[in-house]
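Please read the structure below before turning to the comments.
The values are calculated or read from the model by the stated rules, or taken from the named source; none is laboratory data. Owing to the predicted nature of the structure, the values given are computational and were not obtained by experimental measurement. All Cβ positions, even for glycine, are placed from backbone atoms using ideal geometry, and neighbour counts span all protein chains on display.
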Amino acid sequence: MAEYMNGFLYGVYPYIALSVFFLGSLVRFDMDQYSWRSGSSQRPPSTATGPGSNLFHVGILVIFMGHFFGLLTPIEMFHAFGIPNGFKQVLAMAAGGVAGIFCFIGLTMLLHRRLADSRIRKTSSFWDIAILVLLWIQLTLGMATILVSAQHLDGAEMVRFMQWANGVVTFRHDAAALMLDAPLLFKGAHLPRADGFPRRAVHPARPHLERARWVSWA
């Protein structure tokens, strides 16, 4: 049963989620493109939003780019440049940790403002808040994996996830098998992020919040 669920969640579901994400985005853009937004939280004084928004954007962009290139670049390319697995993992932990702290502080400020300010809360839809909460949980899980990674600096788990991500995008039928014995925290941190893709097609949200979902491949 565990092997079957692993095969579905990490071998089949990524393609379902990506298909809904891309096809749903095209359909929605064609039929209702002006709904690609969330209820505005901008009101005087706008300075209350600035720090949180800036920290969130800087952090999430660094995380996204680091995970995108870090996971989808074949490990052989790093070896060709003489970059060992352990060094790459420490670099990812350091850069990702700093970016994660920035993003966590900024996202917490934005979520608190949307929940605590009664005027903003009234203009917020359920999904405006739900997306922020989902991202906050995902980010917390991702930050927690740094503590686990610090206990084994050989880069073995990082290489495992690189091979899985490469296997998914290159349609390897055995990609899911690489995840079978992965630590539960790492698997859990990736699964809810992939779960965000289908909502892209049916619920309004800001584009920058939706782009953050791509961190699921990290």
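Any residue in segment 153-167 that is surrounded by 15 or more Cβ atoms within 10 Å (Cβ to Cβ), touching a residue at least 12 places away in the same chain (Cβ under 8 Å), closer than 25 Å to LEU55 by Cβ and of a type in the set (S, T, N, Q)? Checked against the condition, which is being surrounded by 15 or more Cβ atoms within 10 Å (Cβ to Cβ), touching a residue at least 12 places away in the same chain (Cβ under 8 Å), closer than 25 Å to LEU55 by Cβ and of a type in the set (S, T, N, Q), segment 153-167 yields no hits at all. Picking from GLN138, GLN163, which residue would you name as being at pLDDT below 90 and touching a helix residue (DSSP H, G or I) at 6+ places or on another chain (Cβ under 7 Å)? Only one candidate qualifies: GLN138.
Within segment 111-138, the residues that satisfy the criterion of being closer than 17 Å to ALA189 by Cα and free of Cβ contacts under 8 Å to residues at least 60 places away in the same chain are VAL133, TRP136, ILE137. Where helices (runs of 4 or more DSSP H) sit wholly within segment 91-170, those with at least 1 residues that are under 28 Å from SER19 (Cα atoms) occupy 126-149, 156-169.
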